[in-house]
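Novice: Quick one: this structure, given as structure tokens, is what I'll be asking you about.
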Amino acid sequence: MRQLPLDVQLADYAVFESFYPGSNEAAVHALGLAAAGEGSPVLWLWGPRESGKTHLLQACVSEASQRKRDTAYLPLGSAHGLGPQMLD
């Protein structure tokens with residue numbers, strides 16, 4: 001097995017502290033718990049374009065990584081042509 005290099009980086013500003021939750025405090029809280037390994041193992045995050053979904057997902061990955069948890073962020077646009085073996 002070989003590791004696949006992906007041209008994917010998290011945005012430096014994409015942290016929970018820089019996100020204004022508005023009426024989405026429950027979603028932000030759930031993602032924070034998931035990043036800490038304390039919440040649901042599966043979350044469904046949806047919303048209109050430019051509503052902060054990418055910011056929140058990257059913040060979740062960043063927080064989990066800081067807590068030394070296994071993390072991955074793979075935008076679907078970057079996954080074209082990759083098969084399920086990439087998850088091994």
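Novice: Could you give the longest part of the chain that holds none of the chymotrypsin sites (Phe, Trp or Tyr not before Pro) found in DSSP loops with at most 15 neighbouring Cβ atoms within 10 Å?
Specialist: 47-88
Novice: 7 Å from Cα along Cα→Cβ at both GLU17 and HIS80: what's the point-to-point distance in nm?
Specialist: If labels sit at GLU17 and HIS80, their model points lie 3.7 nm apart.
Novice: Separate question: If neighbour count is taken as other Cβ atoms inside 10 Å, put ARG49, ARG67 in order from fewest to most.
Specialist: So the residues, fewest neighbours to most, are ARG49, ARG67.
Novice: Within 10 Å of each residue's Cβ, count the other Cβ atoms and sort HIS80, HIS29, HIS55 from fewest upward.
Specialist: HIS80, HIS29, HIS55
Novice: When a footprinting reagent is the concern and you count Cβ atoms within 10 Å, what order do LYS68, LYS53 take, fewest first? Display every interim value, and only then the final one.
Specialist: Working: LYS68 7, LYS53 14.
Final ranking by Cβ density, sparse to dense: LYS68, LYS53.
Novice: Which label belongs to the value computed from this structure, given these candidates for Cα extents along the principal axes in Å: [x] 43, 28, 24; [y] 41, 39, 28; [z] 34, 26, 19?
Specialist: Matching entry in [x] 43, 28, 24; [y] 41, 39, 28; [z] 34, 26, 19: [x].
Novice: Now for a separate question. Based on Cβ point charges of +1 for Lys and Arg and -1 for Asp and Glu, what charge dipole magnitude is obtained for the chain about its Cα centre, in debye rounded to the nearest 20?
Specialist: My answer is approximately 160 debye.
Novice: Mind listing the phi-derived Karplus ³J(HN,Hα) values for region 18-31, rounded to whole Hz, using 6.51, -1.76 and 1.60 with θ = phi - 60°, and x for any glycine or proline?
Specialist: 9, 9, 8, x, x, 8, 9, 4, 5, 5, 5, 4, 4, 5
Every number here is computed from the coordinates shown, using simple stated rules; none is lab data. In this text, all values refer to a predicted model and were calculated from it rather than measured experimentally. Methodologically, a virtual Cβ is constructed for each residue, glycine included, from the backbone with ideal geometry; neighbour enumeration extends over all protein chains shown.
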